[in-house]
Amino acid sequence: MKLNTKSVGKATLIRLCLVFGLLLIIPLLGWPWHLINGGSLESSGVIFKVPSRYFSLDSTDDHPSMMRCGIGFPFWRARYGFMGLHPHPKRHKLDMKVDLDRLLTILVNQERAEGMSLIAQRTVETEIGPAFCFEFRSGARSIIDCYFDGSTLSLDYEGSEKFAGDIYELVNSARWQGNGPIGPPGMALLENYPAPRP
């Protein structure tokens, strides 16, 4: 039996085109997700507007997350941005007048163990109160952790430094769903802050 090399070559070319086309479509998934889902996520009574180039990943544990992919070759070296919302309803609220220094020490020690250095600390005013953000970097990789004063909610970003500013867009969009402040009353207990990274 003779193998038809023309049809084998054609089938291989079609497969390569499909794989390459799929890799080009992934970075554009944010736009269709927004058209279908409306572009916002809720966590612990707070609504966040998902940045336009991000799409949300399914969450079964009330920890919504979203992702943005860039184009690159090879694909696994492409730029990316990953943001997560972390409600901690069983923890006490943070009081940044009391807890800021301790929280900063915990974060710096945790990120230093991963080879990251603190490069910036920002306070962002939002509708639900100020958010304290700590930015760490190592090469082109960034990690940003943000904590809302008077709440148990935190956000984080991990990915390319090129997309790092996207978390501030997410933080600025925070607004109450209608039920008011989140988390139980009382002093902040920081033994478990921040949440361990998976």
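The values are calculated or read from the model by the stated rules, or taken from the named source; none is laboratory data. Just so it is clear, the structure is predicted and the values come from calculations on it, not from any experiment. Methodologically, a virtual Cβ is constructed for each residue, glycine included, from the backbone with ideal geometry; neighbour enumeration extends over all protein chains shown.
Observations on the model:
- Filtering region 115-130 for residues that are surrounded by 14 or more Cβ atoms within 10 Å (Cβ to Cβ), touching a residue at least 24 places away in the same chain (Cβ under 8 Å) and under 16 Å from S65 (Cβ atoms) leaves an empty set.
- Test result for Y168, closer than 26 Å to T105 by Cβ, crowded, with 21+ Cβ neighbours inside 10 Å and modelled with pLDDT of 90 or more: no
- Contact map, region 45-57: residues that are within 12 Å of S173 (Cα to Cα) and at pLDDT 80 or above paired with residues that are hydroxyl-bearing (S, T, Y) and not in a loop (DSSP other than H, G, I, E, B), Cβ distance under 8 Å, separation 6+ or inter-chain. Pairs shown: I47/S40; F48/S40; K49/S40; V50/S40; V50/S56.
- Checked against (1) under 18 Å from L170 (Cβ atoms); (2) in a strand (DSSP E or B), T126 passes all but a single condition, namely (2).
- Number of residues in region 131-145 that are surrounded by 12 or more Cβ atoms within 10 Å (Cβ to Cβ) and over 22 Å from N172 (Cα atoms): the value is 2.
Residue-by-condition table, conditions (1) assigned to a strand (DSSP E or B); (2) more than 18 Å from the chain's Cα centre (by Cα); (3) closer than 20 Å to I47 by Cα:
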| site | (1), (2), (3) |
| --- | --- |
| H86 | yes, no, yes |
| P89 | no, yes, yes |
| V98 | no, yes, no |
| D101 | no, yes, no |
| L107 | no, no, no |
| G115 | no, yes, no |
| R122 | yes, no, no |
| R137 | yes, no, no |
| Y157 | yes, no, yes |
